[in-house]
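The values are calculated or read from the model by the stated rules, or taken from the named source; none is laboratory data. Every value quoted in this text rests on a predicted model; they were computed, and no experiment measured them. Cβ atoms come from the backbone with ideal geometry, glycine included; neighbour counts cover every protein chain shown.
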Amino acid sequence: MAEYLKIAQTDVIKQQSEWLVNLESERRLSDKTVEAYERDLRQFLIFMTDFLAGPPSIKDLSDIRPADLRSFLASRRRDGVGARTLGRGLAGVRSFLRYLEKQGLANATGARAVRSPKQPKSLPKPLTAQDAIRVTNQDLQMIDEPWLAARNTAVMVLLYGCGLRISEALNLTRGEIGPRTDALRIKGKGGKSRIVPILPVAIDAIENYVDLCPFHLDKSELLFRGARGGKLHAAIIQRDMKKLRSALNLPDTATPHALRHSFATHLLAGGGDLRTIQELLGHASLSTTQIYTGVDTARLLDIYNKAHPRA
């Protein structure tokens with residue numbers, strides 16, 4: 001308590017304790033999130049102590065201005081804090097001020113007026129071409145039943161060979177794919193349709209699965225089935241992929257969705273243009289597709305640093 005009195009007055013400490021209890025009991029936030037919020041608020045109170053030349057009271061916090069919060073964020077940025085931590089810190093302070101507002105003790109309008117720092121886009125983590133091919137190899141599937149191994153292979157080939165989302169692959173019907181199919185009409189997010197070429201290797205994988213599948217596949221019914229003949233759920237493929245990546249010593253980032261990232265990244269590395277890749281992926285905006293240029297640049301720099309004699 002003595003340490004807290006150095007950065008806040010008793011009324012603030014009391015409200016902070018009640019706020020933390022509220023986060024745990026009513027909002028049911030995780031212990032780690034509550035701990036992070038407490039730490040973020042403490043940083044803010046330290047800043048306000050320096051700013052006011054003394055521990056802040058509820059009255060001092062009752063009408064925080066946007067400029068005060070921006071100054072707090074600027075001071076944290078000068079200390080080398082990244083955008084994600086700054087965003088979470090602002091969220092913690094906002095949460096406390098909203099709590100005070102509900103108690104009739106503060107006005108949180110200023111906190112709501114401050115925009116969160118722009119978050120950096122995390123780069124997709126594709127598999128290497130070699131690892132993607134291993135994942136789509138039926139002989140390496142970690143499942144004993146031949147038809148289930150063939151099913152998983154067909155799904156993986158569609159994700160990597162056509163850049164489909166897993167939900168798009170699992171919603172395909174038998175009638176949409178046949179031995180002579182050369183393109184698929186995929187209905188993606190927001191009901192937007194796109195045409196995607198399908199490779200012969202994908203057709204072969206699907207026909208192999210169909211031949212081995214013990215269930216009758218009517219043209220109007222879903223192509224991929226679960227072990228008992230019902231709808232195949234994405235969680236099953238994700239679970240089997242987890243087993244596969246463990247057996248092949250692949251990183252945790254090697255997920256079914258990473259095969260879609262691999263499709264885009266390998267096309268770009270092979271000379272594909274962004275507009276075409278955008279259409280194949282079904283992205284509404286080119287800016288969404290441009291993130292893959294960052295992946296390719298990172299890969300080239302990595303090769304350069306490892307190979308160049310002066311790197």
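Can you tell me which condition residue 74 does not meet? The list is (1) over 29 Å from the mean Cα position of the chain (by Cα); (2) surrounded by fewer than 17 Cβ atoms within 10 Å (Cβ to Cβ); (3) not charged (D, E, K, R), and all the others hold.
Of the numbered conditions (1) over 29 Å from the mean Cα position of the chain (by Cα); (2) surrounded by fewer than 17 Cβ atoms within 10 Å (Cβ to Cβ); (3) not charged (D, E, K, R), the odd one out for residue 74 is (1).
If the requirement is being farther than 20 Å from residue 174 by Cβ, assigned by TED's automatic domain parsing to the domain that holds residue 170 and either touching a His at 6+ places or on another chain (Cβ under 6 Å) or of a type in the set (D, E, K, R) (or both), which of these qualifies: 231, 242?
That would be 242, the only listed residue that is farther than 20 Å from residue 174 by Cβ, assigned by TED's automatic domain parsing to the domain that holds residue 170 and either touching a His at 6+ places or on another chain (Cβ under 6 Å) or of a type in the set (D, E, K, R) (or both).
Could you figure out which of (1) within 28 Å of residue 39 (Cα to Cα); (2) of a type in the set (S, T, N, Q); (3) modelled with pLDDT of 85 or more isn't true of residue 173?
(1)
Just checking, does region 225-237 include any residue being on the phi > 0 side of the Ramachandran plot and in contact with a strand residue (DSSP E or B) (Cβ under 7 Å, 6 or more places away or on another chain)?
no
Would you be able to tell me the number of residues in region 122-159 that are crowded, with 18+ Cβ neighbours inside 10 Å, of a type in the set (S, T, N, Q) and assigned to a helix (DSSP H, G or I)?
Result for region 122-159: 3.
Each row is one residue, and each column tells you yes or no for (1) out of contact with any Leu (no Cβ under 9 Å at 6 or more places or on another chain); (2) at pLDDT 85 or above.
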| residue | (1), (2) |
| --- | --- |
| 3 | yes, no |
| 9 | yes, no |
| 19 | no, yes |
| 23 | no, yes |
| 29 | no, no |
| 36 | yes, yes |
| 49 | yes, yes |
| 55 | no, yes |
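For a quick check of your reading: which helices (runs of 4 or more DSSP H) sit entirely within region 179-269 and have at least 3 residues that are out of contact with any helix residue (DSSP H, G or I) (no Cβ under 7 Å at 6 or more places or on another chain) and either among the small types (Gly, Ala, Ser) or surrounded by fewer than 18 Cβ atoms within 10 Å (Cβ to Cβ) (or both)?
Hits in region 179-269: 200-212, 234-247.
In region 160-178, what residues are of a type in the set (A, V, I, L, M), outside any helix (DSSP H, G or I) and under 22 Å from the mean Cα position of the chain (by Cα)?
Matches in region 160-178: 164 only.
So which of 40, 31, 63 ends up being of a type in the set (Asp, Glu) and crowded, with 19+ Cβ neighbours inside 10 Å?
None of the other options fit; the residue is 40.
Residues that are among the β-branched types (Val, Ile, Thr) and without any contact (Cβ under 8 Å) to a residue 24 or more places away in the chain: find the helices (runs of 4 or more DSSP H) completely inside region 1-110 holding 1 or more of those.
Correct list: 10-25, 31-52, 83-102.
All but one of (1) at pLDDT 90 or above; (2) over 22 Å from residue 114 (Cα atoms) hold for residue 42, so report the exception by its number.
(2)
Can you pull out every residue in region 66-85 that is among the hydrophobic types (A, V, I, L, M, F, W, C) and out of contact with any Phe, Trp or Tyr (no Cβ under 7 Å at 6 or more places or on another chain)?
67, 69, 73, 74, 81, 83
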